[in-house]
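Here is the structure we will look at.
Only the coordinates and a few stated rules stand behind these numbers; no lab work does. Not measured: the values here are computed from a predicted model. Backbone-built Cβ (ideal geometry, glycine too); neighbour counts: all protein chains shown.
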Amino acid sequence: MKKCPCCNNKSYYKIFDFGLHPWCGDFRDLSDRNPVKKYPLKIVMCKSCKLVRLTHYIPKKIMFSKTTYLSGSSDELLQHFKNLSLKIKSKFKLTKNSNILDIGSNDGSFLKYFKSSKILGVESAKNLCDISNNNGVKTINGYFNFSLAKKIKNKFDVIHGSGVMFHLEEINSAFKGIKLLLKENGILVIEFLYLKTIIDKFYFDQIYHEHLFYYNIETLNTFLKKYDLEIFDFELSPIHGGQVVAYISHKGGKKINRRLQNALFKEKKYKVNTPGYFKKFCSTIDKSKNTAVKKLDQYRDQNKIIVGLGAPAKGNTLMNYYNLNNQHIDLLIEKNPLRINKLSPGSNIPIMMESDLRIKPDIFLVLIWNLKNDIKKKIRKKFKGSKFLFPKNFLKYK
């Protein structure tokens, strides 16, 4: 990615280089021991508009034509979608005649809460598209861009994208399509990982190849101005470790909420969109590498059984950056059936169904740390006495 997609500037500040990593979705069969292809994983900040992005992207047809990520496999995420749907219905007075579009609709988990209105999903992964359509959620199989948008005849009262607006290789074409399809008084709802939270809480594992862009509120708003769109309100959500739900309209279409003004003021005050804001983050992550390996090696020397809790994309950043493999972790357990009997990319750790685990691990390395409620309710109760090790245990903040 030579140019910034927001302002076309070629110059940037180097933020952090994680080295070469496999694509986080490259789960192989247990019998496949061929080495996975690796790609640069490096984040930079545009010197002009301050957008943070990766320098290298993997083609969308590799990452998104078939995926193993299932929204419906997380009870916590489903509850979040349900709560958000109630807010949207109430806040924007939706009716049975309202048109709702979900971009990157996955298995239809968000749209199923809007079945009383007219719904349409767009999903690039055919396997997920089939699941959605079979569950009664009308879904187009394709990559959302301007070309696809022109084929959609309806205009929409609400366009939604959860965790997709930082995935888009064709981001300018996609927003051109959104501008075309959004009704004059329509609302665009974007859910995105908040870069400020990633940096403040050292969530470095949320940086991986599928996440091409990393937004703060100011930098997203700067990008939206290209298409005469603007954020008029937002809220912070604890889902995925901390994300922003941004409510967006055509420019001048809605009154700007005071809390948005306050958030923008705080971003400027604390200089979150400057390279200096990342200094502590980078030094802490760099030092954590030796701490992680040393701690896990100590447990192995004591013959401890170590099981990874979850096989999420973020876990692959952590395991590959720390150079962990099946010598450190015995296996990973998952709820998502699409990842069962696979090997984790690069680290080659076998994945089994959570419900099939019969041994009692001494240590759980919690890779799905963002789903704390699920862990508290089920896993801790089932495996009393096991120790739970979170990625933050490897970090030394001073």
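Please build a GNM for the chain, connecting alpha carbons under 10 Å apart, and tell me which residue among N273, N290, N325 fluctuates the most.
Highest fluctuation of the listed residues: N290.
Would you please classify the overall shape of the stretch 28-122 from the alpha carbon gyration tensor, given that a ≥ b ≥ c denote the square roots of the eigenvalues, rounded means a/c under 1.5, and beyond that prolate means a/b larger than b/c while oblate covers the rest? Kindly include the intermediate steps, with their values, before the conclusion.
Numbers: a/c = 2.72, a/b = 1.57, b/c = 1.73.
Since a/c reaches 1.5 but b/c is at least a/b, the shape of the stretch 28-122 is classed as oblate.
Using +1 at the Cβ of each Lys and Arg and -1 at the Cβ of each Asp and Glu in the chain, identify which of I159, L236, I305 lies farthest towards the dipole's positive end.
Going by the charge dipole, the pick is L236.
Using a 10 Å cut-off on Cβ atoms, rank the peptides 91-99, 138-146 from the highest mean neighbour count down. Intermediate results must be reported in sequence, preceding the final value.
Numbers: 91-99: 13.2, 138-146: 18.9.
Per-residue mean Cβ counts within 10 Å order the peptides as 138-146, 91-99.
Cut-off under 16 Å on the C-alpha distance; same-chain residues fewer than 8 positions from K96 excluded. Which aspartates and glutamates are left, in chain and number order?
Straight-line reach from K96, under 16 Å: D157.
Taking 0.36 nm per residue of separation and subtracting the Cα-Cα distance, what length does fully extending K10 through S355 add?
On the way: separation 345, 0.36 × 345 = 124.20 nm, distance 4.95 nm.
Roughly 119.3 nm would be gained on extension.
Between K201 and K151, what FRET efficiency follows from the Cβ-Cβ distance if R0 is 56 Å, with the result rounded to 0.05? Display every interim value, and only then the final one.
Numbers: r = 41 Å, r/R0 = 0.74.
So the FRET efficiency works out to roughly 0.85.
Net charge near D297: determine it from the other residues with C-beta under 15 Å of the C-beta of D297, scoring Lys and Arg +1 and Asp and Glu -1. Provide the component values of the computation, followed by the final result.
Numbers: positive: K289, K294, K295, R300, K304; negative: D301, D330, D362.
So the surrounding residues net to +2.
Once you've got the Cα coordinates, tell me which of K112/K176; K61/K126; K201/K269; K37/K372; K201/K266 are over 23 Å apart.
Result: K112/K176; K37/K372 exceed 23 Å.
Show me 153-164, 2-13, 27-38, 222-233 ranked by packing, highest mean number of other Cβ atoms within 10 Å first. Write out the running numbers ahead of the final one.
Numbers: 153-164: 20.2, 2-13: 14.8, 27-38: 12.2, 222-233: 18.4.
Ranked by mean Cβ neighbours within 10 Å, highest first: 153-164, 222-233, 2-13, 27-38.
Please tell me which of these pairs span more than 31 angstrom C-alpha to C-alpha: K115/K153; K82/K382; K271/K387?
Values: K115/K153 19 Å; K82/K382 27 Å; K271/K387 38 Å.
Long pairs (Cα-Cα over 31 Å): K271/K387.
To make sure I understand the rule: partners must be aspartates and glutamates, Cα under 13 Å from the Cα of K254, and not fewer than 8 residues away in the same chain. Which ones qualify?
E184, D228, E230, D233
What list do you get for D200, D297 if you sort them by fewest beta carbons within 10 Å? Could you put the intermediate results ahead of the total?
Values: D200 15, D297 12.
Fewest-to-most Cβ neighbours within 10 Å comes out as D297, D200.
According to the square roots a ≥ b ≥ c of the eigenvalues of the Cα gyration tensor, what is the shape class of the stretch 262-366, taking rounded for a/c under 1.5, prolate for a/b larger than b/c otherwise, and oblate for the remainder? Provide the component values of the computation, followed by the final result.
On the way: a/c = 2.81, a/b = 1.80, b/c = 1.56.
Verdict is prolate for the stretch 262-366.
Kindly identify the stretch 63-254 as rounded, prolate or oblate by the Cα gyration tensor criterion: order the square roots of the eigenvalues as a ≥ b ≥ c, call it rounded if a/c is under 1.5, otherwise compare a/b with b/c, prolate if a/b is larger, else oblate. Please list the in-between numbers first.
Values: a/c = 1.27, a/b = 1.08, b/c = 1.17.
Rounded shape, in that the Cα axes give a/c under 1.5.
Specify the residue with the greatest mean-square fluctuation among I207, I15, I88, computed from a Gaussian network of the chain linking alpha-carbon atoms under 10 Å apart.
Of I207, I15, I88, the most mobile in the Gaussian network model is I88.
Counting only other residues whose beta carbon sits under 10 Å from that of G142, what net charge do I get with K and R as +1, D and E as -1? Intermediate results must be reported in sequence, preceding the final value.
Values: positive: K126, K151; negative: E123.
Counting the neighbours of G142, the net charge comes to +1.
Please compute the contact order of the chain in relative form: average sequence separation of alpha-carbon pairs under 8 Å and at least six residues apart, divided by the residue count, as a percent.
Values: 761 pairs, mean separation 61.7, N = 398.
Taking the mean separation of contacting Cα pairs over the length of the chain, I get 16 percent.
Grab the DSSP H runs of the chain that are 4 residues or longer, score each as -39,500 (n - 2.57), total them, divide by all residues and round the 222 nm result to the nearest 500 deg cm²/dmol.
Values: 10 runs with 106 residues, N = 398.
It comes out at -8000 deg cm²/dmol, rounded to the nearest 500.
Scan around I119 for amide H atoms under 5 Å from its own, H built in the peptide plane at 1.01 Å from N, and keep only partners 5 or more places away or cross-chain.
Those qualifying (amide H under 5 Å, at least 5 residues apart or on another chain) are I100.
Quickly work out the K87-to-N326 label distance, labels modelled 7 Å from Cα along the C-beta direction, and quote it in nm with one decimal.
4.3 nm
With r defined as the distance between the Cβ atoms of K226 and Q298 and R0 fixed at 56 Å, what FRET efficiency is calculated, to the nearest 0.05? Provide the component values of the computation, followed by the final result.
On the way: r = 52 Å, r/R0 = 0.92.
My answer for the efficiency is 0.60.
Suppose R0 equals 30 Å. What FRET efficiency, 1/(1 + (r/R0)^6) with r the Cβ-Cβ distance, do K268 and N185 give to the nearest 0.05?
On the way: r = 30 Å, r/R0 = 1.01.
Result of the calculation: an efficiency of 0.50.
Which of L120, L101, L84 moves the most in a Gaussian network model of the chain with Cα springs under 10 Å?
Maximum fluctuation in the GNM of the chain, among the listed residues, is at L84.
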